[in-house]
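Enquirer: Submitted below is the structure of interest, expressed as structure tokens.
What follows draws every value from the coordinates through simple rules; no lab data is involved. This one's a predicted model, so the numbers in the text were calculated from it and none came from an experiment. Note that each Cβ is placed from the backbone with ideal geometry, even for glycine, and that neighbours are counted across all protein chains shown.
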Amino acid sequence: MTVFFAALFLPYTIDFKTTGQKNGHRKSSPSYAVDGSGSGPIVGRLPRLRSTSLELTPGATTEDEKIFKAYASQSAGEIPGADDPNGPGPSEPRAVPWGRSRKFNQPRSKATTHPEPSILSRPGSRRESKDSFMNGAPSRLGSDQQGSPRTLFSAVDWVVKAAEQGHGGLQNAVHAAEDAGILQNKMWVGTLGMPTDSLTERTRDLINDTLRDDYDSLTVFVGDSEFEGHYAHFCRSVLWPALHYQMQESPRHTEYDDYSWKQYLKVNKAFADTIASHWKPGDCIWVHDYHLLALPALLRKRLPQAEIGFFLHTAFPSSEIFRCLNPREALLDGLLGADLIEFQTEEYCHHFLHSCSRLRRLEVSVDGVQVDDRFVHVKNHPLGIDYKSLNLLRQSAEVRDWISNISERYQGKHLVVARDRLDAPGGIKQKLLAYELFLGSYPKWRENVVLIQVASSGSDLPELAAQVSKIAMRINSIYSTLTHQPLVLLQQDISYSQFLALLSVAEVFMATNLREGMNLTSHDFIHCQDGELATQQYGSLILSEFTGSARIFHGHPLLVNPWDYKQCADAINTALEMPTDQKKRNWEFLLERKSPHTALAWYSSLQSALKEAHSMEKSHDTHTISPLDTDALRESYSAAKTRLFFLEDGATFSPAPFLPSPSATDTLQALARDPRNTIYLTSNRSPDQLNILSQSLPAQIGLIAENGCFIRTKSDPDKWEALVDVDGTRDWRAGIRKVIEYFHERTEGSVIEERRCSLTFRYDAALDADTAAHQASELADQINGARGSEAIRVVRDATAVSVEPIHVSKATAALKIMDRMTEKSPDFVFVSGGARSDEALFRWANRLDLPSPSGSFSLAVAVTTLTAGTHPTEARARLPTGLSLLDLLGLLVPDKAARGESSMLTDE
């Protein structure tokens, strides 16, 4: 089995040699030792390279800022850590825009023009691609491109090198899985991260073959204009801001939106074509991140039986934000092509499910989405760091040297360290304003506290960069002395060795992003504070509550709202004043919380969850479930001494008038007369409604009402036993009823059904079906969003929205009934149904004959779970063609079977 990892950028790229270079070898590329030295072919773990393009902070003249300038002369090939935020972390946009690296000799882009983004521009006007910096989107073109197309391609010599772009966290997890032996065969799928229009067909074939054969990589070639529209104009200008709650400030032109969306789809289709041409039955496909949201559905259409998982490394916003995107439905449909959709936190899962319910009117539950005849599982598995790789890097001579140099330079100072992208979600401006307030509010720290703020990569937002520089200069102009500079702002990338050294000596680390998918740099900081390499130990973490890691570290006393400058300023003071024993307790708390979340554990959890989701979907497909073997059923029925039946009323009787026909009554009567049989009719109807129905049923049949809330046994036909606190349901039913009444008044033809423990909004008779479906979607959305801690669930089907208690089901009622059969436990269990509420009952019954760990059966019981519905199910069999449920039951009655009689649903 091959596991395909589809991400926008491959871990590799191509460095072309100019005409003057000789003896180039396509398959050679640099490899780097732990200390950053060494050469040779890439083997195993792949280093991610960082740009040597540096911009020193404007006006930087002090030694505090110049100390990191040494990185400019370093070799660029340094092995990254578990979550190197330099260029960037797994939940950030790429640090190096496509095709702008100074380290690699690569072709210039041939992307031509694109529509103007602003609605204020002249209609129909188009802008040259080289000027495409709208809304902070990076261009792939720049004056730093080396060479020309003629000199670049006058020779065929080139080498494969580690790419600057890509998911460092994903690569670490894959390598950890390979090292652990749980991943045997893999294939990366992605682009080269450079323009490719200038490449000849022969060069493309050579590159494709080399990467496939030597580097387990499938190259996706797309046109330069397509990639420009996909990456710069849709991903970076539309999707990335929306996913991080940064909405557009000015309206975009319709032509621009149409153009960028079409290019986005073209790139996703190119990925689908590449994967589909190499996929074989049994292979697994993992799609990663927001660049490829449309890919799962494209793959599902091409490969209906494929095992497809999707993981979103960024945040997923609330439905209020997501609904502002023009292609919102298409993006959701794209994701729903997967078997399993994974997010970093439970909050992001909730937002996604909320969006599916509200925007696509789909039935959602806490663990997934029902899409036609498929169930898409939705889970959260936070990404973690690779401790093994991080520990190796920390032991390098370069990291040790930097720890010594930084410690010596800032001896006697309290170091506060931060590292973020200089973009809106990074929150650097808000952090500096909070630090300024801290210095003004706590004068005692002004001459012995230093904040070292690294702003990774140059900003594509010149206004934001100017504001940050202005705040930094103001802080230093007010609070600096001849011997002390309170703020070191580095608008440049530093080496990962330098960053690890900073994490090791920092007394406080501030990760106060306005919004971020995870932020694993906070995990790196905790790991580096064990005191193994530096005198600093048990440093304090100040963490934004809007990062994914805040969910893992829930309860940490230094979680802050980055918009609350006073709270952040007070948190810095608290961290500096904190006693050592309290710091140690905090550190141990954080270490314990993050320890289970490793790169290897993340990969293992994802792979297991995908396998389970795909297997369940495959086994629950009614088209693949075998028809019931009637001969085997009759044999197990005849051999049984004690039998237990659960028959759903909707699958047993005709819908109207929903009463048993004489022949149906006759069949049930024949079954009930056998003392070995115990029969229960299950229903979502109320006890009062079933009391009317029971008048036409044999007295020996028990009843389960309101999906398990009430039981009526054959021994006491006048008493209903409640399995739920009926009085307690009145607390939530009053409020829910008001919400349902609001939508009922606006949906002509709808009705409200109120039972003892549930409420249902039914719209099968609505005059306007589309409007009614929209109202039902809004109703489910509002109840899900407002239920709080109430123990209720919302159940949707094609024509109804029901609200019922969450802790009871038909399965809980069945368990109660079976527990009471202590003297003669059943050795034959038959469960039939067609409603979604029967799935819990099917699941319970199927477990009755599961083998014990020793291999023997826990119960000698023959279990039959039979579906009469068409939706995905956990039943193990479906009705044979031409037979109704009553026909089947009639075959079990000896006298009827002997005569060959058949009980039909209704009398002719």
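Enquirer: Based on other C-beta atoms within 10 Å, arrange 481, 682 from fewest to most.
Expert: 481, 682
Enquirer: Using a ≥ b ≥ c from the Cα gyration tensor of the stretch 726-805 (square roots of the eigenvalues), is it rounded, prolate or oblate, where a/c under 1.5 gives rounded and otherwise the larger of a/b and b/c decides, a/b for prolate?
Expert: Prolate.
Enquirer: Given an 8 Å cut-off on Cα distances and at least 6 residues of separation, report the relative contact order of the stretch 395-597 as a percent.
Expert: Over the stretch 395-597, the number comes to 24 percent.
Enquirer: Got a sec? How would 576, 10, 889, 591 order by Cβ neighbour count within 10 Å, fewest to most?
Expert: So the residues, fewest neighbours to most, are 591, 576, 889, 10.
Enquirer: Picking from 587, 449, 492, whose Cα lies most toward the positive end of the charge dipole for the stretch 395-597 (charges on Cβ: Lys, Arg +1; Asp, Glu -1)?
Expert: Most positive-ward Cα: 449.
Enquirer: Amide H neighbours of residue 188 under 5 Å, at least 5 residues apart or on other chains, H built in the peptide plane: list them.
Expert: Under 5 Å from the amide H of residue 188 lie the amide H atoms of 5, 217, 218, each far enough along the sequence or on another chain.
Enquirer: Let me ask something additional. Please list, in order along the stretch 706-723, the HN-Hα scalar couplings obtained from phi with the Karplus expression 6.51 cos²θ - 1.76 cosθ + 1.60 (θ = phi - 60°), rounded to whole Hz, x for Gly and Pro.
Expert: 6, 6, x, 6, 9, 10, 10, 8, 6, 6, 9, x, 9, 10, 9, 9, 8, 9
Enquirer: If each of residue 726 and residue 301 carries a label point 7 Å out from its Cα toward its Cβ, how far apart are those two points in nm?
Expert: Distance between the two pseudo-spin positions: 5.3 nm.
Enquirer: Let me ask something else about it. If each residue of separation counts as 0.36 nm, what is the full-extension length gain between residue 589 and residue 771 once their alpha-carbon separation is subtracted?
Expert: Gain on extension, residue 589 to residue 771, equals 60.4 nm.
Enquirer: Separate question: Would you mind ranking 804, 745, 635, 874 so that the residue whose beta carbon has the fewest other beta carbons within 10 Å leads the list?
Expert: Neighbour counts put them in this order, fewest first: 745, 635, 874, 804.
Enquirer: What is the stretch 726-805's relative contact order, in percent, from Cα pairs under 8 angstrom and six or more apart in sequence?
Expert: After rounding, I find 28 percent.
Enquirer: In nm, to one decimal, how far is the residue 634 label point from the residue 483 one, both placed 7 Å along Cα→Cβ?
Expert: Going by the 7 Å Cα→Cβ label model, 10.2 nm.
Enquirer: Name the long-range amide H neighbours of residue 451: under 5 Å, sequence gap of 5 or more, or other chain; modelled H, no Pro or chain starts.
Expert: It is 416, 487, 488, by chain and number.
Enquirer: Amide H neighbours of residue 422 under 5 Å, counting only residues 5+ apart in sequence or on other chains, H built in-plane at 1.01 Å?
Expert: Here 456 satisfy the definition.
Enquirer: Pairs 186/388; 17/429; 566/594: which exceed 30 Å Cα-Cα?
Expert: Pairs exceeding the cut-off: 17/429.
Enquirer: Would you kindly derive the ³J(HN,Hα) couplings of the stretch 635-645 from the backbone phi angles with the Karplus curve 6.51 cos²θ - 1.76 cosθ + 1.60 (θ = phi - 60°), listing them in order in whole Hz, with x for Gly and Pro?
Expert: Along the stretch 635-645, the couplings run 5, 5, 5, 5, 7, 6, 9, 9, 10, 10, 10 Hz.
Enquirer: While we're on this one: Determine the shape class of the stretch 395-597: with a ≥ b ≥ c the square roots of the Cα gyration tensor eigenvalues, call it rounded for a/c under 1.5, and otherwise prolate if a/b is greater than b/c, oblate otherwise.
Expert: rounded
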